[in-house]
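Here the structure is laid out as structure tokens; the discussion comes afterwards.
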Amino acid sequence: METGKSSVIVSKKPTPTPKSIIHQKFGSTAVYRVEEIQDYTQNGCPGLCISQKGPCLYRCTLTLPECSIVSDICKRKKDAEQSAAEKAIEKLGINPNKDNPTPEEAWGQLVNRLSYLFSDEFLSSVHPVSGHLRAALQREGHLNGFVPVSAIAVYDAKICSLCKYIKPEVESNILLVMELIHRAAEKLGGSMLFSEDHLSLKKLNAYPPETMQSLLKSESGMGESIPIEVIRIPSSLKKTVEPMILNASVNGYYLDVIACELGLRDASKVLISRTLGRASSEMRLYYCIPNAKTLSQLSQCHTNQTGQLEGAFNVRASYLCGQDICGDAILASLGYTWRSIDLFHEAVSLRTYYRLLASKIPRGIYKLSREAIIAAELPAVFTIRSNWKGSFPKEILTVFCRQHRLSEPIFLCNSFESQPALQGSPDSGGDKTNGNDQPTVPIVEYKCVVKILSKCQDLIIQCSPKQSYKKEADAIETVALKVLSWLNLFFVILDLSAETVTSASKELDILIYPQHFLKEFATCLSVHYQFQSIGTQSRSFLAYDYMNQQNNKLVDKVSSVKIGGRDSGVTPSTGALVCISYSISLVAKGECTKEYIESSEEFEFEIGCGAVLPLLEAAVTQMSAGQSAWINMELPPDEFILAAAGDSDTIVTLLSTGTCFLECVVTLLRVTVPLEDRMEQALFKPPLSKQRVEYALQHIRQSCAASLVDLGCGSGSLLDSLLDYPSSLERIAGVDLSHKGLARAAKILHTKLNASMDTEPSINKVESAVLFYGSITNFDSRLRGFDIATCLEVIEHMEEDEACIFGNVVLSTFCPRILIVSTPNYEYNPILQRSTLQSPEEERDENQACKFRNHDHKFEWTREQFGHWATDLALKYNYSVEFSGVGGDGDKEPGFASQIGVFRKKDEEFLITDAAESYEVVWEWNRSSNS
Ligand code: SAH
Ligand code: MG
């Protein structure tokens, strides 16, 4: 398949771009605003050329705390942003290399900085630290004027970065920063005072009276109490995480209030985590400093992990922020900011806490991005960009790595040329004939490898798929999704067997480095494990299982779904984009209360890739546009319910009854059929699917067939249509691997066959019908000896070797008198593609992303390739084979749109084969038992 002619490795090395330098310096205080400007320069006069606009250009304004900068005019938004960042670097004189001080220089700067923080000038400035200084001056008694070293360590970015130059490892250890501040304060000599426990600092000399006076004046609403909603995270996993109210007051010191809640005497022992959640958030964890005599002892023992710390390790809190936390912790969103001298505060609810937890796992990140925490699921496959909703896989993977403090994922892309003529060839080694009138144009394709490294650059996961793509972006998204699917498996089924891990890794082309992996993800297990009480049930929420079609109970469950409204006939099939509205509530059995959890007026997703809860998707495939359904579903893990629910109190009470289920009301608003179907419907009259039915009918009539089996019957459209015509058929059967397809087939056939009993004379003579779940590459003696077997547009959904196995199985063991096989004619694709050139830009794009008509096709054969396959088989099993097709003209190049082979058994003797039943009957109907 690959010629491997040229191989270019584009490695995305982390050389800092201007933007990333700005980000390092200013973080989220750097704001980019891009505006579009019309380029009139090419057309001359702006006034006259409205109808003849030039290409769009962009200009970016970068706003920084100190200044704002306008970029050059650029063709791309990205470039405009980089240009603005570059100009800012110039203007502010930031030199990424020269700016790095030596440790000695950093020491000097640290001492200066500390002295500045305690200057008169700084006290009245707007700065996160100055708020603490002012509040400290309101403290009563011996603590008056003392500021906890921890607050300085956390809130002064300058001090943090200086400390990094002195000791690079401070990043993950606030105690180390505190120790350095302590030493710097000692260097300031007599001007600083330490509190008794050495954890707070105060300026020896009082601030001038004028400064103090003006501070007092600016205080308003003194003594007024501010109730703030916060969350307590107990260190013991046995205790639940609970909301509580913190009573801060306008002139009191909020860290003292938190200290009191944590059972501490005063603020000096309170430690503060890094921020959680959004970049601009003030949400942090507050917790108690471990007990030890001196700061230097503390910072030593802290690095030694949990063992030596006093107080129990708080797994949940540590997991959330990626810092080691002992004892109870309080999650709160408050503090002094750059924006105002007043204390900023925001309520933190249980829901916020559970959303933070959800944002730690791939499916959670996806759910949050779709604002559908209950209904949405991370899809198992990436088909086309325009059908993917929510954050893209690459983005989710990047967020995931950040959340777990790993390095950014590294994507290595590789482009090479492939020969179109050899694609999907059953005998790839052979000659390169390609209709011999066209020179072969090499096609550039892409493969992508992704590597996930730990913070200290140990390789944790590598994924190297074999599949190639026409677009680099598709290769990247697909590989990212594979890694996410694997991680999902790990996070959802936490007690994975080694076997499952190995087989999943193999299937997803993933290599895991278990030692490093487990080192990074040790704590998350116990945190998420709490929610796994429902055990195996949560498996059904998993994309990986979805891919492997393991939810075979789905058929039963779907059949219990109540569907209301008139059947409009517009039904979604695999690849269709549907739009639904839904509302989900929590219901406890026996209680009459129902708590609303989540809803959406318009929610779009692609059918067939597991983008929503399995039962919801299965139900939607049974509906037609305009219909509504009522579905009762099992509970997802509690953490998702709490992350979705608004009113957590009632929900928690309901959940505690242990008898809850979800009730979902869904309406199917719109169905957009996939491109292949659209082409087949738009380009052919009657549509190709109809022509295939008519083709089959013609053979049934000619051969007076009494029995027919449809191999790969999907949702039963052929069997269904056949029942509309008078024919000799008495016995019909269908086999497929898709539970959803079979469920729909069962529903339609059931309705139609029962209705046919009421009409006299009945239009068809069918006595029995049966649907099997199973693979047509496996033998089942119940399929032996049918008059006609049809296999329409199925083989291209298997790998080529499976298509060969299928050929052997059907002709040597099922032995139908006639076998009709249809599959797309690859040579006809240019005509289909040309016709879609008139369609909107985006659709043309979709089309190019895939080399075949449908993303689920594993191959599409030329007439020659199909001919080879069929002739070889016929010869081997004593059948004759004739070629024809539907769509287009078989006598003209490039032949029919859909090519068909009709196999006929040459002699009537049966091959004797064992009785073997590998299929599962999913639905059965008999005229006698129904009358
Ligand atoms: N014959 C139908 C469906 C075509 S779509 C029609 O013409 O409308 C292809 C179908 O093949 C899907 O329903 C898929 O589930 C089924 N399929 C793919 N591989 C299969 C296998 N090994 N065994 C049984 N069915 C298979
Ligand atoms: Mg197909």
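The values are calculated or read from the model by the stated rules, or taken from the named source; none is laboratory data. Bear in mind the structure is a predicted one, so any value in this text is a computation, not a measurement. With ideal geometry, Cβ positions are generated from the backbone for all residues, glycine too; neighbour counts draw on all protein chains shown. Protein only, heavy atoms only, side chains kept; ligands, DNA and RNA dropped before computing areas. Shrake-Rupley method; radii C 1.70, N 1.55, O 1.52, S 1.80 Å.
Could you report the range 90-178's accessible area per residue, 1.4 Å probe, as an integer in Å²?
Values: 3840 Å² over 89 residues.
Dividing the accessible area of the range 90-178 by its residue count gives 43 Å².
Here LEU742 sits with roughly 0 square angstrom of accessible surface, probe radius 1.4 Å.
Give the dimensionless ratio obtained when the Cα radius of gyration of the range 640-793 is divided by 2.2 N^0.38 Å. Walk me through the numbers before you get to the answer.
Values: Rg = 21.4 Å, N = 154, 2.2 N^0.38 = 14.9 Å.
Cα Rg divided by the expected 2.2 N^0.38 Å: 1.44.
Within a straight-line Cα-Cα reach of under 16 Å, LYS203 can be paired with the following lysines, leaving aside sequence neighbours fewer than 8 residues apart in one chain: LYS187.
Among the protein heavy atoms of the range 59-203, carbon and sulfur supply 49% of the accessible surface, probe 1.4 Å, non-protein parts ignored.
Checking the a/c ratio against 1.5 first, then a/b against b/c, what shape does the Cα gyration tensor give for the range 360-399? Show your work: numbers first, answer last.
Values: a/c = 1.82, a/b = 1.23, b/c = 1.48.
Verdict is oblate for the range 360-399.
If I model the range 318-428 as equal point scatterers sitting on the Cα atoms and use the Debye formula, what is log10 I(q)/I(0) at q = 0.19 Å⁻¹? Listed by q, the Debye log ratios stand at -1.14. Working note: Cα gyration tensor of the range 679-767, eigenvalues times five, square-rooted, sorted largest first, giving semi-axes of 20, 17, 13 Å.
Simple point charges give the picture: +1 on the Cβ of Lys and Arg, -1 on the Cβ of Asp and Glu, and for the range 570-650 a dipole about the Cα centre of about 360 debye. Remark on HIS857: its backbone amide H falls under 5 Å from none of the residues 5 or more positions apart or on other chains, H modelled at 1.01 Å from N.
Amide H to amide H, with H built 1.01 Å from N, VAL922 comes under 5 Å of LEU771, PHE772, TYR773, counting only residues 5 or more places away or on other chains. Amide H contacts of MET283 (H built 1.01 Å from N, in plane; Pro and chain starts excluded): LEU276 sit under 5 Å, all sequence-distant by 5 or more or on other chains. Over 18 Å between C-alpha atoms is what I'm after, so list which of LYS239/LYS367; LYS239/LYS360; LYS75/LYS394; LYS91/LYS164; LYS19/LYS91 land there. Table pairs above 18 Å Cα-Cα are LYS239/LYS367; LYS239/LYS360; LYS75/LYS394; LYS91/LYS164.
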